[in-house]
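Okay, structure first, notes after.
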Amino acid sequence: MHLFSPKRENSISLKGVVQISHNSFFVFKDCLGKLFLKTGKDEKIHKSIVKNMIESNPYISKILKRYRIKPAIDTKALKELSGGHMNETCNIAMGVYDILSDSIKDKVDADSLKEASMLHDLGKVLIPSKILNKPAKLNSKERKIMNVHSTLGYELLKTQELSEETLALIKYHHQNLKHTGYPLLPEENTSSDIGVQIISIADKYSALREARVYRKKMSRLDALLVLYKEVREGKILPAVYDALVKYAKIYDN
Ligand SMILES: [Fe+2]
Ligand SMILES: [Fe+2]
């Protein structure tokens with residue numbers, strides 16, 4: 001599935017870039033205002049950016065220690081994710097946002113949604129590739145490690161001058177209306193629920209429509225049916241689901 005292909009790097013207007021370190025950039029806006037992650041050949045730059053992020057936040061090493069994750073940076077995973085899944089998630093999230101009613105849109109900051117959906121799985125650069133690419137179901141220990149990627153993404157980006165709203169969306173992109181996702185939401189948090197709903201449904205739809213090492217890609221209808229089950233379970237807001245259905249009918253053929 002490719003809903004939007006980023007233009008060639010040399011044709012990009014750098015207007016509105018998100019600066020992730022003082023001399024390098026991860027996220028670009030093209031001339032149409034679409035965001036995408038830079039996926040240049042220079043893995044060394046990416047590695048050093050992530051290394052700087054780790055060094056700027058000592059809490060990251062504590063998390064890695066707690067989960068016994070060897071501190072290694074998987075730039076191959078980052079390259080694959082940024083060129084595919086994170087880019088697609090961003091396109092879907094913004095497409096769903098555009099279709100929603102104004103009263104719902106008012107509760108979400110569109111710029112934060114764009115940035116967050118583009119960066120949401122950045123934490124996977126620190127998840128061991130054995131787990132990330134396991135061609136079978138994860139066991140409970142592996143699942144616990146995998147589930148820490150959203151917190152790791154938040155902690156990596158916390159020191160990079162992103163808005164609180166963007167950071168919250170990255171941290172809670174695996175949460176739902178029933179609050180049964182991860183990590184646990186703080187008790188007072190309800191305001192970002194719509195944004196979380198949009199990023200989460202876009203993330204899931206993108207993942208279901210892609211082949212994984214352990215399963216084939218799903219058809220549009222099957223993917224929508226899987227998500228409809230979550231609507232019935234009260235995890236997804238019907239209005240957000242309806243917007244996804246409309247979006248998929250128009251753009252995902
Ligand atoms: Fe994720
Ligand atoms: Fe994702």
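With the requirement that a residue be assigned to a helix (DSSP H, G or I) and of a type in the set (A, V, I, L, M, F, W, C), what does the range 170-187 give you?
Matches in the range 170-187: 170 only.
Please specify each residue of the range 84-120 satisfying the condition of being touching a residue at least 24 places away in the same chain (Cβ under 8 Å), part of a loop (DSSP other than H, G, I, E, B) and more than 14 Å from residue 245 (Cα to Cα).
Residues satisfying the conditions are 84, 101, 107, 108, 109, 120.
Scan the range 193-207 and give yes if some residue there is in a loop (DSSP other than H, G, I, E, B) and not acidic (Asp, Glu), otherwise no. If you could, list the steps in order and put the result at the bottom.
The initial filter retains those residues of the range 193-207 that are in a loop (DSSP other than H, G, I, E, B), namely none.
Looking for residues that are in a loop (DSSP other than H, G, I, E, B) and not acidic (Asp, Glu), one finds none in the range 193-207, hence no.
From the list 152, 162, 156, 167, pick out the single residue that is in a helix (DSSP H, G or I), away from ligand 1 (no atom under 14 Å from the Cβ) and in contact with a helix residue (DSSP H, G or I) (Cβ under 8 Å, 6 or more places away or on another chain).
Values: 152 fails: away from ligand 1 (no atom under 14 Å from the Cβ); 162 fails: in a helix (DSSP H, G or I); 156 fails: away from ligand 1 (no atom under 14 Å from the Cβ).
Only one candidate qualifies: 167.
Given the condition acidic (Asp, Glu) and surrounded by fewer than 13 Cβ atoms within 10 Å (Cβ to Cβ), answer yes or no: does some residue in the range 134-142 qualify? First the steps, then the outcome.
Within the range 134-142, the subset acidic (Asp, Glu) is 142.
Still in the running and surrounded by fewer than 13 Cβ atoms within 10 Å (Cβ to Cβ): none.
Looking through the range 134-142, none of the residues is acidic (Asp, Glu) and surrounded by fewer than 13 Cβ atoms within 10 Å (Cβ to Cβ).
Name the residue that is farthest from residue 230 (Cα to Cα), counting only residues in the range 169-187 that are free of Cβ contacts under 8 Å to residues at least 40 places away in the same chain and buried (at least 21 other Cβ atoms within 10 Å of the Cβ).
171
Give the residues of the range 200-228 that are hydrophobic (A, V, I, L, M, F, W, C) and out of contact with any Cys (no Cβ under 9 Å at 6 or more places or on another chain), sorted by residue number.
First, the residues of the range 200-228 that are hydrophobic (A, V, I, L, M, F, W, C): 201-202, 207-208, 211, 213, 218, 221, 223-227.
Residues satisfying the conditions are 201, 207, 208, 211, 213, 218, 221, 223, 224, 225, 226, 227.
Yes or no, residue by residue, for (1) within 13 Å of ligand 2 (Cβ to nearest atom); (2) more than 20 Å from residue 207 (Cβ to Cβ):
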| residue | (1), (2) |
| --- | --- |
| 70 | no, yes |
| 104 | no, yes |
| 111 | no, yes |
| 131 | no, no |
| 146 | yes, no |
| 153 | yes, no |
| 181 | yes, no |
| 185 | no, yes |
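Restricting attention to the range 136-149, and to residues there that are in a helix (DSSP H, G or I) and not hydroxyl-bearing (Ser, Thr, Tyr), which single residue is nearest to residue 56 (Cα to Cα)? So that I can check it myself, show each step before the final result.
To start, the set of residues in the range 136-149 that are in a helix (DSSP H, G or I) comprises 140-146, 149.
Within this subset, residues satisfying the condition of being not hydroxyl-bearing (Ser, Thr, Tyr) are 141-146, 149.
Numbers: 141: 28, 142: 27, 143: 27, 144: 25, 145: 22, 146: 22, 149: 18 Å.
That would be 149.
Sort out which residues of the range 105-127 are hydrophobic (A, V, I, L, M, F, W, C) and either in contact with a strand residue (DSSP E or B) (Cβ under 6 Å, 6 or more places away or on another chain) or crowded, with 17+ Cβ neighbours inside 10 Å (or both), and write them in order of number. Can you show your working first?
Just the residues of the range 105-127 that are hydrophobic (A, V, I, L, M, F, W, C), to begin with: 108, 110, 113, 116, 118-119, 122, 125-127.
108, 113, 116, 118, 119, 122, 125, 126, 127 - these are the residues of the range 105-127 that are hydrophobic (A, V, I, L, M, F, W, C) and either in contact with a strand residue (DSSP E or B) (Cβ under 6 Å, 6 or more places away or on another chain) or crowded, with 17+ Cβ neighbours inside 10 Å (or both).
Does residue 222 satisfy the condition of being part of a helix (DSSP H, G or I), away from ligand 1 (no atom under 16 Å from the Cβ), touching a Leu at 6+ places or on another chain (Cβ under 8 Å) and charged (D, E, K, R)?
Numbers: part of a helix (DSSP H, G or I): yes; away from ligand 1 (no atom under 16 Å from the Cβ): yes; touching a Leu at 6+ places or on another chain (Cβ under 8 Å): yes; charged (D, E, K, R): yes.
In short, yes.
Read the figures in this text as sums done on the coordinates, not as results from a lab. Note that this is a predicted model, so its numbers are computed, not measured. Here the Cβ is made from the backbone with ideal geometry for all residues, glycine too, and neighbour counts use every protein chain on show.
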